[in-house]
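The values are calculated or read from the model by the stated rules, or taken from the named source; none is laboratory data. Model, not experiment: these values are computed from the prediction. All Cβ positions, even for glycine, are placed from backbone atoms using ideal geometry, and neighbour counts span all protein chains on display.
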Amino acid sequence: MESRVTRLLLAARNGDPEASGDLFHALYDELRLLAQRQLRRGAADGALQTTALVHEAYLKLCDASRLEVEDRAHFFALAARVMRQILVDHFRRGQSAKRGGGWIRLSLEDRDIPVENRGEVLLDLDRALSRLAAVDERLARVVEYRFFGGMTETEIARVLGVTDRTVRNDWVKAKAWLSEALGG
């Protein structure tokens, strides 16, 4: 399957009009799983459904002339980032009238995030990841790919061009940094 996805990505980038649709169908089930993970960690209002998130993300990703990914792992790393941005934007639009000031304690384990607080946690994490990226871009990407994308250490290592051990070390550093940034 990896080689088929890679071929489709290359064909789409080279302007093959059918490749984008074929790619969507080849990756749809995995994109749905990624979207479901994102929605579990995102806003709890239920207004954004899995299918809508998949389609909105794919529309942003399908501009094949700008899609510069090498393989499946790179594609899903980009998909995780796009879905995170869509969720954050969606929650911000829904909360634009509210202006709360309190921090919400965050664990990087989604089972520890109360359902009613997931939207605020998503915004806090998004802001903290932006600050972390200014300090160390790779640490921020490791969190994004692992927490939001559900990618394995091996997949993250391949996308970032580092070893699995480096990813493990980066994960520990990033969690410590985020814990401090988000108030313990």
Where a residue in the stretch 83-95 is surrounded by fewer than 19 Cβ atoms within 10 Å (Cβ to Cβ) and its partner, wherever it lies, is at pLDDT 85 or above and not in a helix (DSSP H, G or I), with Cβ under 6 Å and at least six apart
none
Mind checking which pairs have a first residue in the stretch 156-176 that is closer than 19 Å to L129 by Cβ and a second that is of a type in the set (F, W, Y), Cβ under 9 Å, 6 or more apart or different chains?
I156/Y145; I156/W171; V159/F76; V159/Y145; L160/Y145; V167/Y145
List the helices (runs of 4 or more DSSP H) inside the stretch 99-184, counting only whole elements, that have at least 2 residues being surrounded by 14 or more Cβ atoms within 10 Å (Cβ to Cβ) and modelled with pLDDT under 80.
118-135
Enumeration of residues in the stretch 1-38 that are farther than 12 Å from Y58 by Cα and basic (K, R)
R4, R7, R13, R37
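Kindly check whether there is at least one residue in the stretch 133-147 that is under 13 Å from the mean Cα position of the chain (by Cα), without any contact (Cβ under 8 Å) to a residue 60 or more places away in the chain and under 20 Å from D89 (Cα atoms).
yes
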